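The values are calculated or read from the model by the stated rules, or taken from the named source; none is laboratory data. Keep in mind the model is a prediction, meaning the values are calculated, not measured. Quick reminder, even Gly has a Cβ in these numbers, built from the backbone with ideal geometry, and neighbours come from all protein chains shown. Surface areas here come from the heavy atoms of the whole protein model, side chains and all, with no ligands, DNA or RNA. Shrake-Rupley method; radii C 1.70, N 1.55, O 1.52, S 1.80 Å.
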Amino acid sequence: MSEPVVSMKNISYAYDQKTVLNHINFEIPKGAFMGLLGPNGGGKTTLIKLILGLLKPDEGSVQLLGGPIGKFKDWNRIGFVSQKANSFNKGFPATVFEVVSTGLTANVGYFRFFNKNHKEKIIQAIDQVGMLEYTHENIGNLSGGQQQRIFIARSLVNDPQLLILDEPTVGVDYENVQRFYELLHRLNDERQITLLLVTHDTGTITEHATDIVCLNKTLHFHGKPEEYTSLSEKDLSVFYGHPVNIVTHNH
Amino acid sequence: MLADFLEYDFLRYTFLTGLLIGIIAPLLGTFIVVRRLSLIADALSHVTLAGIAFGLLLEKKFAVTLITPLYSGMAFSVIGSIFIEKLRGVYKAYQEIAIPIILSGGVGLSVIFISIADGFNTELFNYLFGSVSAVSINDFYTILGISIFIVMIVGLLYKELFSLSFDEEHATISGIHAKAIHLLFIVLTALVIAASIRIVGVLLVSALMTLPVAASMRIAKGFKQMMFLSIIFGEIAVVAGLITGYYLSIPPGGTIVLVSLIILLISIAAKKYNFTLKKAHENNLQKK
Ligand SMILES: Nc1ncnc2c1ncn2[C@@H]1O[C@H](COP(=O)(O)OP(=O)(O)O)[C@@H](O)[C@H]1O
Ligand SMILES: [Mg+2]
């Protein structure tokens with residue numbers, strides 16, 4: 001078996017005095033579609049920031065694509081759609097093409113211009129998320145779900161091996177959430193992109209993910225979706241610290 | 001009407017300088033507006049005023065002619081811009097506080113320099129509201145050099161500037177040097193302001209950077225288009241403003257801003273009209 005895409009060993013992190021992550025051990029296998037669940041404030045975004053090297057762990061080590069994170073240089077191999085991605089300034093006058101092009105900016109490098117090849121990549125990425133007809137539309141004119149697709153396209157232009165999405169479906173209606181998961185499923189299947197998805201849609205994620213992780217300061221669960229859904233409500237309320245209802249969608 | 005501007009040297013240099021700032025002010029203005037930094041332009045123009053007052057003081061009291069007010073204005077403006085970036089770093093959660101600090105500092109220094117020099121009424125009036133006759137051949141060449149430099153840097157770093165303006169977090173994560181580029185950008189802004197003050201004046205220079213952008217923002221598709229439209233609007237405002245200012249003996253700052261405002265109103269109206277047309281069309285479709 002090939003080495004994991006992400007591997008965290010004994011990670012702890014505290015903001016000032018407040019411990020947010022406590023001795024986390026976990027791996028994302030290559031090709032996985034991992035759903036990261038947990039209550040608000042459970043440390044999901046913090047965990048992602050540690051994977052992206054935006055925060056340094058107080059304890060433990062992170063390996064990315066097989067190497068220590070301190071030496072990692074290949075940032076364009078990692079795609080990231082932030083929790084804040086759809087709180088951007090909706091009036092910003094940029095077309096879909098322009099927004100997706102920003103994914104290539106650092107990759108192309110200073111004092112260089114986009115060439116034909118880059119432009120084709122941008123168009124391809126827009127096509128992959130099914131938004132081709134909106135290429136020259138202002139991003140502010142699109143719906144929340146469509147905007148999320150554009151932010152995914154921005155990550156796809158670099159052919160990432162790992163795509164991390166932090167609560168991308170908040171504020172997106174049910175219909176579009178389903179289409180969104182189908183898109184992720186396709187990227188995972190056809191392009192073998194490893195996915196790490198933070199979400200609260202427990203019903204939908206267990207239908208699509210290959211692995212589920214529950215995080216609330218420590219890792220409470222790490223296993224297959226079937227195992228997760230077979231957990232009793234009592235087990236889950238221990239993770240969340242309060243009673244939970246498992247929401248399953250009937251089709 | 002243009003004849004005078006082509007015939008007399010001093011007017012010709014004013015006119016050519018006007019064409020230059022009609023490009024560079026809206027060019028940087030585009031980034032300033034989308035990054036919500038419009039007030040920084042105002043703060044910097046007041047610091048520039050302090051620099052100009054300092055230059056005039058040197059000229060008047062010490063007969064220094066090597067450092068012209070344009071150069072001292074530029075120096076103050078650039079130093080002020082670096083201060084603003086630093087202050088924005090210090091007050092992370094209240095970045096706009098940098099603006100009143102720098103603005104009042106600029107005005108305070110100006111007042112001190114002006115009173116030490118026992119006032120310089122007409123020159124100062126020119127610097128506040130702009131002047132048709134103020135651009136010397138030396139100033140013109142300096143501003144030409146600055147303009148070429150600015151257009152080159154913005155062209156070369158366009159995709160980085162755009163990425164940072166759209167989503168700073170993403171740009172930083174992907175490895176763009178946000179701090180260095182911000183600093184460079186604000187220094188360029190300071191240079192544009194110092195270059196523009198001769199013609200539009202301290203009080204109205206930020207208008208030339210922002211009004212054409214505000215107008216084109218309403219009708220443009222995408223960022224690049226907005227940038228080009230802003231420059232076209234900026235040029236129209238400068239040319240029409242300079243000519244009417246000259247013939248009506250009004251400081252061009254006033255006429256340039258008035259033309260910009262008219263363009264802005266037209267673009268708002270155009271958008272509205274377009275919008276209602278679309279609505280009417282949709283209503284018709286629905287009726288069918
Ligand atoms: N920059 C920060 N400074 C201090 N505390 C923070 C910061 N970011 C997050 N926290 C705290 O850390 C905890 C975990 O936050 P986060 O990782 O964002 O959780 P989640 O994404 O699971 O909702 C929360 O209690 C939050 O208040
Ligand atoms: Mg979060």
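Output the number of the condition that residue A:169 fails; it satisfies all remaining conditions of (1) in contact with a His (Cβ under 9 Å, 6 or more places away or on another chain); (2) among the hydroxyl-bearing types (Ser, Thr, Tyr); (3) within 12 Å of chain B (Cβ to nearest Cβ); (4) buried (at least 18 other Cβ atoms within 10 Å of the Cβ). With (1) in contact with a His (Cβ under 9 Å, 6 or more places away or on another chain); (2) among the hydroxyl-bearing types (Ser, Thr, Tyr); (3) within 12 Å of chain B (Cβ to nearest Cβ); (4) buried (at least 18 other Cβ atoms within 10 Å of the Cβ) applied to residue A:169, the lone miss is (3).
The set of residues from region A:9-35 being within 14 Å of ligand 1 (Cβ to nearest atom) and either under 18 Å from residue A:161 (Cα atoms) or among the basic types (Lys, Arg) (or both) comprises A:18, A:35.
Tallying residues that are without any contact (Cβ under 8 Å) to a residue 40 or more places away in the chain, in contact with a helix residue (DSSP H, G or I) (Cβ under 9 Å, 6 or more places away or on another chain) and not in a loop (DSSP other than H, G, I, E, B) within region A:54-83 yields 2. For region B:178-195, does any single residue satisfy the condition of being within 26 Å of residue A:154 (Cα to Cα), assigned to a loop (DSSP other than H, G, I, E, B), within 11 Å of another protein chain (Cβ to nearest Cβ) and over 15 Å from the mean Cα position of the chain (by Cα)? Looking for residues that are within 26 Å of residue A:154 (Cα to Cα), assigned to a loop (DSSP other than H, G, I, E, B), within 11 Å of another protein chain (Cβ to nearest Cβ) and over 15 Å from the mean Cα position of the chain (by Cα), one finds none in region B:178-195, hence no. Among the candidates B:259, B:202, the residue that is part of a helix (DSSP H, G or I) and either surrounded by fewer than 24 Cβ atoms within 10 Å (Cβ to Cβ) or within 20 Å of the chain's Cα centre (by Cα) (or both) is uniquely B:259.
Test residue A:152 against the stated conditions and say whether it is more than 16 Å from ligand 1 (Cβ to nearest atom), within 14 Å of chain B (Cβ to nearest Cβ) and surrounded by 19 or more Cβ atoms within 10 Å (Cβ to Cβ). For residue A:152, the condition - more than 16 Å from ligand 1 (Cβ to nearest atom), within 14 Å of chain B (Cβ to nearest Cβ) and surrounded by 19 or more Cβ atoms within 10 Å (Cβ to Cβ) - is met. Check whether at least one residue in region B:174-182 is touching a Ser or Thr at 6+ places or on another chain (Cβ under 9 Å) and modelled with pLDDT of 95 or more, and report yes or no. Checking region B:174-182: not a single residue is touching a Ser or Thr at 6+ places or on another chain (Cβ under 9 Å) and modelled with pLDDT of 95 or more. The residue that is farthest from ligand 1 (Cβ to nearest atom), among those in region A:42-53 that are of a type outside the set (D, E, K, R) and without any contact (Cβ under 8 Å) to a residue 40 or more places away in the chain, is A:53. For region A:1-11, which positions are within 28 Å of residue A:189 (Cβ to Cβ) and open to solvent by less than 20 Å² (accessible area, probe 1.4 Å)? Matches in region A:1-11: A:5, A:6, A:7, A:8.
Applying the set (1) within 16 Å of ligand 1 (Cβ to nearest atom); (2) touching a Lys or Arg at 6+ places or on another chain (Cβ under 6 Å) to residue A:129 leaves exactly one unmet item: (1). On inspection, residue B:240 qualifies as open to solvent by 30 Å² or more (accessible area, probe 1.4 Å), among the small types (Gly, Ala, Ser), part of a helix (DSSP H, G or I) and free of Cβ contacts under 8 Å to residues at least 60 places away in the same chain. Residues in region B:215-226 that are crowded, with 22+ Cβ neighbours inside 10 Å and more than 7 Å from chain A (Cβ to nearest Cβ): B:215, B:216. Could you list, in sequence order, the residues of region A:84-100 that are outside any loop (DSSP other than H, G, I, E, B) and either touching a strand residue (DSSP E or B) at 6+ places or on another chain (Cβ under 8 Å) or more than 7 Å from chain B (Cβ to nearest Cβ) (or both)? Matches in region A:84-100: A:85, A:86, A:87, A:95, A:96, A:97, A:100.
Can you name the residue in region A:70-103 that is under 30 Å from residue A:17 (Cβ atoms) and open to solvent by 40 Å² or more (accessible area, probe 1.4 Å) and, of all such residues, is modelled with the highest pLDDT? Per the criteria, the residue is A:70.
Can you name the residue in region A:12-51 that is open to solvent by 10 Å² or more (accessible area, probe 1.4 Å) and within 14 Å of chain B (Cβ to nearest Cβ) and, of all such residues, is nearest to residue A:213 (Cα to Cα)? By that ranking, first place goes to A:45. Within region B:143-160, the set of residues being under 21 Å from residue B:12 (Cβ atoms) and buried (at least 19 other Cβ atoms within 10 Å of the Cβ) comprises B:143, B:146, B:147. Taking each residue of region B:128-139 that is open to solvent by less than 50 Å² (accessible area, probe 1.4 Å) and looking for partners that are among the aliphatic types (A, V, I, L, M) with beta-carbon atoms closer than 6 Å, six or more apart or interchain, yields B:128/B:202; B:128/B:203; B:130/B:199; B:130/B:200; B:139/B:70.
On inspection, residue A:196 passes the criterion of being modelled with pLDDT of 95 or more and within 16 Å of ligand 1 (Cβ to nearest atom).
Of all residues in region A:207-223, those that are under 18 Å from residue A:182 (Cα atoms) have Cβ atoms under 9 Å from Cβ atoms of residues that are open to solvent by 50 Å² or more (accessible area, probe 1.4 Å) and part of a strand (DSSP E or B), 6 or more apart or on another chain, in A:211/A:222; A:212/A:222.
With the condition kept exactly as written, say whether any residue in region A:56-68 is open to solvent by 20 Å² or more (accessible area, probe 1.4 Å) and at the interface with chain B (Cβ under 9 Å from one of its Cβ atoms). Looking for residues that are open to solvent by 20 Å² or more (accessible area, probe 1.4 Å) and at the interface with chain B (Cβ under 9 Å from one of its Cβ atoms), one finds none in region A:56-68, hence no.
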